[in-house]
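What follows is a single structure, written as structure tokens, with notes after it.
Coordinate-derived values only; no laboratory data. This is a predicted model, so every value here is computed, not measured. Cβ placement follows ideal geometry from the backbone for every residue including glycine, while neighbour counts extend to all protein chains displayed.
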Amino acid sequence: MSGRIRPMAICVFRRPDGAILVAPGYDETKRQLFYRPLGGEIEFGETAEAALRREIQEELGSDVEGARLLDVSENLFTYRGEPGHEIVFVFEGRLSKASLYETDVVPCDEGGSPFEAHWVPLDAFGGDARLYPDGLLDLLLRSG
């Protein structure tokens, strides 16, 4: 990490079965599988919601409908042995592209680098599969 605080905006998308759309990651140093909702860094002069809408359009080719702010959290973490610090705006919303809800694995693109997002039920998180940022799982379980 760069020794700076990164402002981030992420969005929780839920299917009717309760699964949420998350991108998997793996920290080789910790040997830990983790998941994180889609979104990204807020650019200078951009609001958190505008950043969220831009990131989802770039990654999924979909607009976000009904975005509402659920929480703002401070995320202090270590990834690949390096300390990180983020301020994370957590939104909830719906994807305008309905077909994205119909498959368990969703193809995504981050600036020409393809990756996949997965619909994962909340009860799959914990133990070996962590949901980040810390505290998000508790927030989602409380907010139903």
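Data overview
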read-out: Amide hydrogen neighbours beyond the local backbone of Arg6, cut-off 5 Å, H modeled; value: His85, Glu86, Ile87
read-out: Long-range HN-HN contacts of Ala117 with modeled amide H, under 5 Å; value: Val106, Cys108
read-out: Per principal axis, descending, Cα span of segment 6-143 in whole Å; value: 37, 36, 34
read-out: Rounded to 5, percent antiparallel among DSSP beta bridges of segment 6-143; value: 75
read-out: Loop-exposed GluC sites (Glu not before Pro) per DSSP, neighbour cap 13 Cβ within 10 angstrom, longest uninterrupted part of the chain; value: 44-101
read-out: Residue (of Pro107, Leu38, His85) at the positive-pole extreme of the chain, dipole from beta-carbon charges; value: His85
read-out: Difference of contour (0.36 nm per residue) and Cα-Cα distance, Leu122 to Phe77; value: 14.0 nm
read-out: Estimated 222 nm signal from helices in the chain, with DSSP H stretches of n ≥ 4 weighted -39500 (n - 2.57), rounded to 500; value: -4500 deg cm²/dmol
read-out: Residue order, fewest to most beta carbons within 10 Å, for Tyr26, Tyr35; value: Tyr26, Tyr35
read-out: Residues Val105, Val90 arranged by fewest to most Cβ contacts within 10 Å; value: Val105, Val90
read-out: Label zone at Glu58, where the point sits 7 Å out along the Cα-to-Cβ direction: segment 108-144 residues whose backbone N lies under 17 Å; value: 108-117
read-out: Given charges at beta-carbon only (K, R positive; D, E negative), |dipole| of segment 6-143 in Debye; value: 260
read-out: Segment 30-35 - phi-based ³J(HN,Hα) in whole Hz, Karplus 6.51/-1.76/1.60, Gly and Pro as x; value: 8, 6, 10, 7, 9, 10
